[in-house]
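Okay, structure first, notes after.
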Amino acid sequence: MPQFSGKAYNSIFHGMMKVLNDILHNPYHSVRLHNQLSQWAKEGWAALQEVDSNVERYQHIQAALD
């Protein structure tokens, strides 16, 4: 059984954060990542609407940016 602990995945997490940071600071790949994330969000919202037609109750959800 896998062990999902911070200790076990700490180096992997920090490695992925470095990769994401590198992508976000690359003029070409940053735009591509943002476009892909936007597309995934749109597809997820469309899938939610297919299973739950009362999507108005989710309109209060907002991102909190620091």
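Derivation of every value follows stated rules applied to the coordinates shown; laboratory data play no part. Since we're looking at a predicted model, the values are computed, not measured. FYI the Cβ positions are ideal-geometry reconstructions off the backbone, even for glycines, and counts take in every protein chain you see.
222 nm [θ] for the chain, helices only, -39500 (n - 2.57) per DSSP H run of 4+, per residue, to 500?
One gets -23500 deg cm²/dmol as the mean residue ellipticity at 222 nm.
Which distance in nm do the two modelled labels at V19 and V55 give, with both placed 7 Å along the Cα-to-Cβ direction?
3.0
Report, to the nearest 10°, how far helix 27-51 tilts away from the longest principal axis of the Cα atoms in the chain, using its own Cα long axis and a range of 0 to 90°.
Once rounded, the angle reads 40 degrees.
Read phi for every residue in region 5-13 and hand back ³J(HN,Hα) as whole Hz from Karplus 6.51 cos²θ - 1.76 cosθ + 1.60, θ = phi - 60°, with x for Gly and Pro.
Ordered by residue, 3J(HN,Hα) equals 10, x, 5, 5, 10, 4, 5, 5, 4 Hz.
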